[in-house]
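**Student:** Structure provided below as structure tokens; questions to follow.
The values are calculated or read from the model by the stated rules, or taken from the named source; none is laboratory data. No experiment lies behind these values; they were computed from the predicted model shown. Counting neighbours? That spans all protein chains shown, and the Cβs are built from the backbone with ideal geometry, glycine included. Heads up: the accessible areas ignore ligands, DNA and RNA and are worked out on the full protein's heavy atoms, side chains in. Shrake-Rupley method; radii C 1.70, N 1.55, O 1.52, S 1.80 Å.
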Amino acid sequence: IKAMEKAVSGLGGLIFLLFVISQFNAFFTYTNMATLAAVNMGDTLEAAGLGALPLLLGFVVVVAVLDLIMTGSLAKWAIFAPIFVPLLMRLGVEPEAVLAAYRVGDSPLNALTPMNAYFALIVSFAMKYQKDAGVGTVIALMLPHVIALFLVWPVLLALWQIFGLPWGF
């Protein structure tokens with residue numbers, strides 16, 4: 001019993017996070033806010049006549065910008081999915097493509113934002129090898145990688161969409 005208590009005690013933060021996410025989803029479902037937002041945005045985007053590819057790339061940019069202030073991918077997807085999946089499905093984009101675009105936009109900037117839960121750990125590792133390293137040093141070291149990822153991954157996403165390759169099984 002003590003071993004199980006010890007193993008489960010580390011899951012408290014995750015259980016609380018999932019509880020908050022479930023309450024948020026329940027609130028969204030109860031109020032139909034996600035449906036209303038998706039319908040209203042869908043009408044606007046449909047009138048604009050954008051294709052699937054510009055919508056996906058725009059979604060990548062939205063996710064990347066919000067990644068600077070909210071790094072938790074699970075919590076952010078819980079907020080985005082009820083709105084953007086039906087919205088983009090209505091505009092002819094597959095749900096799997098929306099998830100792929102989300103992952104492309106979510107990943108690169110995690111290494112740069114100080115809001116990342118592991119950013120302090122990364123800085124401390126950098127200080128282990130370079131005593132005068134700090135936040136600026138880590139950001140300067142990671143910036144070329146982030147730029148490369150943010151340039152290459154959307155191109156790969158676009159090529160995948162253009163060639164009509166399957167998004168999943």
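**Student:** Which one, 16, 89, 39, is farthest towards the positive end of the dipole of the chain when Lys and Arg carry +1 and Asp and Glu -1 on their Cβ?
**Tutor:** 16
**Student:** Quick one: net charge around residue 123, please, counting Lys, Arg +1 and Asp, Glu -1 for every other residue with C-beta under 13 Å from its C-beta.
**Tutor:** Summing Lys and Arg as +1 and Asp and Glu as -1 gives +1.
**Student:** May I ask you to compute the full-extension gain from residue 19 to residue 43, defined as 0.36 nm times their residue separation minus their alpha-carbon distance, rounded to one decimal in nm?
**Tutor:** 5.4 nm
**Student:** How do the peptides 90-103, 124-137 rank, highest first, by the average count of neighbouring beta carbon atoms within 10 Å per residue?
**Tutor:** Descending packing order for the listed peptides: 90-103, 124-137.
**Student:** Points 7 angstrom from Cα along the Cβ direction at residue 155 and residue 36: gap in nanometres?
**Tutor:** With each label placed 7 Å out from Cα toward Cβ, I get 4.4 nm.
**Student:** If you plug each phi of segment 63-72 into the Karplus form 6.51 cos²θ - 1.76 cosθ + 1.60 with θ = phi - 60°, what whole-Hz ³J(HN,Hα) values come out, in order, with x for Gly and Pro?
**Tutor:** Couplings: 5, 5, 5, 6, 5, 5, 10, 9, 8, x Hz.
**Student:** If one takes the longest principal axis of the Cα atoms in the chain, at what angle in degrees, from 0 to 90 and to the nearest 10, does the Cα axis of helix 95-106 lie?
**Tutor:** 40
**Student:** Ok, one more. Restricting to DSSP H runs of at least four residues, report the calculated mean residue ellipticity at 222 nm for the chain, -39500 (n - 2.57) per run over all residues, nearest 500 deg cm²/dmol.
**Tutor:** Computed ellipticity for the chain at 222 nm equals -25500 deg cm²/dmol.
**Student:** Can you tell me the accessible area per residue over segment 1-66, all protein chains present, probe 1.4 angstrom, in square angstrom?
**Tutor:** 69
**Student:** Given the whole protein assembly as supplied and a 1.4 Å probe, what does the accessible area of residue 77 come to in Å², nearest 10?
**Tutor:** Accessible area of residue 77: about 60 Å².
**Student:** Hey, another quick one. If you add up the charges near residue 88, with Lys and Arg at +1 and Asp and Glu at -1, over every other residue whose beta carbon is less than 15 angstrom from its beta carbon, what do you get?
**Tutor:** Neighbourhood net charge equals -2.
**Student:** Also, quick follow-up: Suppose every K and R has +1 on its Cβ and every D and E has -1 on its Cβ; what is the size of the dipole of the chain about the Cα centre, in Debye to the nearest 20?
**Tutor:** Dipole magnitude for the chain comes out near 540 debye.
**Student:** Using the Cα centre as the reference, give the magnitude of the dipole from point charges on the C-beta atoms of segment 75-168 (Lys, Arg: +1; Asp, Glu: -1; all else neutral), rounded to the nearest 20 debye.
**Tutor:** Taking the Cα centre of segment 75-168 as origin, the dipole is about 180 debye.
**Student:** I need two numbers for segment 1-91: Rg to one decimal and Dmax as a whole number, Cα atoms only, in Å.
**Tutor:** 17.4, 61
**Student:** Placing +1 at every Lys and Arg Cβ and -1 at every Asp and Glu Cβ, with all other atoms neutral, what dipole size does segment 27-110 have around its Cα centre, in debye to the nearest 20?
**Tutor:** Computed charge dipole of segment 27-110: roughly 120 debye.
**Student:** Please list, or write none, the aspartates and glutamates whose alpha carbon is within less than 18 Å of the alpha carbon of residue 76, excluding same-chain residues fewer than 8 places away.
**Tutor:** 67, 96, 106
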